[in-house]
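A quick write-up on the structure given underneath.
The values are calculated or read from the model by the stated rules, or taken from the named source; none is laboratory data. All values derive from a computational prediction rather than experimental measurement. The accessibility values were calculated without ligands, DNA or RNA, using every heavy atom of the protein model including side chains. Shrake-Rupley method; radii C 1.70, N 1.55, O 1.52, S 1.80 Å.
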Amino acid sequence: VGTDPIIGFKPLTQDIVILSQCNAGTVYLFNIPTESWTHHNINQNQPIFSGLATNMVTLNDGTLKMFTNYNDDLKVHKWDDPSGDQYLIIETKDQTLGDPAQRKTLKKIYISHKGTGTRPSVHYISNNDGVERSTNETFPSSSTMVTTAFTPSSASDANNKYSYQVKIKGNSDPSFVINDINLVYRDKTLK
């Protein structure tokens, strides 16, 4: 993943943290319970810290720390998750919804979520063609888990397709959480 990767483990959230470079590059997080990967690109002009770093150490309180060396000045650096709005992209795999040879019509996308502040938008891709199509609804603000139904903006774009993929993207407050994504569809009759 890089020339000088640094790896750590966060036991409280069960995340494996991988930095592709000592102070810049890409941060990869693998969440063990959800078996999902996330990544965040670090700006070369605004690195996490200056100088070289040791491997991360998990302390008894569950925090990650490492030592950094810049101009022969050894400092303790605590790993902190990003705060404030972050740009995110969540893509599901291409769903054939049962029979990959049968055409379908996507009716609704149900997403269980919670979060206040800035929330991303929901799109879908048909037949793995890479074209993002929009939905009519937005995520409502909620501090408890709710389910929102998203309808394709154009019925003709969602009709007569073999597969669908959901893409959630945009700026998001750290409180935004997704629990579940379900697609409601109707099989087209064979002629």
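Here is how the numbers come out for the structure above:
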quantity	calculated
With every protein chain in place, the chain: carbon and sulfur % of accessible area (1.4 Å)	48 percent
Relative contact order %, the chain, counting alpha carbon pairs below 8 Å whose residues are six or more apart	20 percent
Region 87-191: relative contact order in percent, alpha carbon pairs under 8 Å with at least 6 residues between	47 percent
Alpha-carbon Debye profile of the chain, log10 I(q)/I(0) at 0.13, 0.14 Å⁻¹	-0.81, -0.89
Entries of Lys10/Lys167; Lys93/Lys188; Lys114/Lys167; Lys107/Lys167 with Cα pairs more than 25 Å apart	Lys10/Lys167
For Lys104, distant residues with modelled amide H under 5 Å away	Asn160, Lys161, Tyr162, Lys188
